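The values are calculated or read from the model by the stated rules, or taken from the named source; none is laboratory data. The model shown is predicted, which means the values in this text are computed figures rather than measured ones. Counting neighbours? That spans all protein chains shown, and the Cβs are built from the backbone with ideal geometry, glycine included. Accessible surface areas use protein heavy atoms only, side chains included; no ligands, DNA or RNA. Shrake-Rupley method; radii C 1.70, N 1.55, O 1.52, S 1.80 Å.
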Amino acid sequence: MFGGTYPTEEGIHFITRYDYQTRFGKAGEWFDQLMFRPMMGWATAWSSLTDLLCISILSFDWIYQGIVPKLLVQNSGEMDILKRTGLYHGYESIVLAIMGVGEISFGLFLLLFGQVLFY
């Protein structure tokens, strides 16, 4: 595998190229040119989009879990769990709100810096 990167007006352009020997003679070469090499190129290109999609979904989940059960609907199961710990007697609502803000902050952090953190 070899390739390269070069700057363009739109940003950095990344090229990956696979170089290998095919088997099965002319039929293998034909199949490779027609199917396999194009599929490998598309798979490489789509992997970036897949990474972005995964980070976006994970970020959305953290943000949603911070907003809905911890800030908007505090009478959910989240409050019951916190009350059963017995650690924050009388302050469960405040602790739950702080946890919600923390989860929202983490979700936004992932959304903004997830590509940098994982790659």
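Phe31 - would you say it is in contact with a Ser or Thr (Cβ under 9 Å, 6 or more places away or on another chain) and open to solvent by 90 Å² or more (accessible area, probe 1.4 Å)? Before you say what the answer is, go through the steps one by one.
Numbers: in contact with a Ser or Thr (Cβ under 9 Å, 6 or more places away or on another chain): yes; open to solvent by 90 Å² or more (accessible area, probe 1.4 Å): yes.
For Phe31, the condition - in contact with a Ser or Thr (Cβ under 9 Å, 6 or more places away or on another chain) and open to solvent by 90 Å² or more (accessible area, probe 1.4 Å) - is met.
As an exercise: evaluate Gln115 against (1) open to solvent by 70 Å² or more (accessible area, probe 1.4 Å); (2) touching a Leu at 6+ places or on another chain (Cβ under 8 Å); (3) free of Cβ contacts under 8 Å to residues at least 24 places away in the same chain and give the number of the one condition it does not meet.
(3)
Modelled with pLDDT under 75 and either open to solvent by 100 Å² or more (accessible area, probe 1.4 Å) or touching a helix residue (DSSP H, G or I) at 6+ places or on another chain (Cβ under 8 Å) (or both): is that true of Met39 in this structure?
Details: modelled with pLDDT under 75: no; either open to solvent by 100 Å² or more (accessible area, probe 1.4 Å) or touching a helix residue (DSSP H, G or I) at 6+ places or on another chain (Cβ under 8 Å) (or both): yes.
So Met39 does not fit the description; no.
It is to be established whether one or more residues within the range 58-72 are farther than 23 Å from Phe109 by Cα, among the hydroxyl-bearing types (Ser, Thr, Tyr) and open to solvent by less than 50 Å² (accessible area, probe 1.4 Å).
No, there is no match, as no residue in the range 58-72 is farther than 23 Å from Phe109 by Cα, among the hydroxyl-bearing types (Ser, Thr, Tyr) and open to solvent by less than 50 Å² (accessible area, probe 1.4 Å).
Yes/no matrix, rows are residues, columns are (1) among the aromatic types (Phe, Trp, Tyr); (2) over 16 Å from the mean Cα position of the chain (by Cα):
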site: Trp46; (1), (2): yes, no
site: Asp51; (1), (2): no, no
site: Val68; (1), (2): no, yes
site: Val73; (1), (2): no, yes
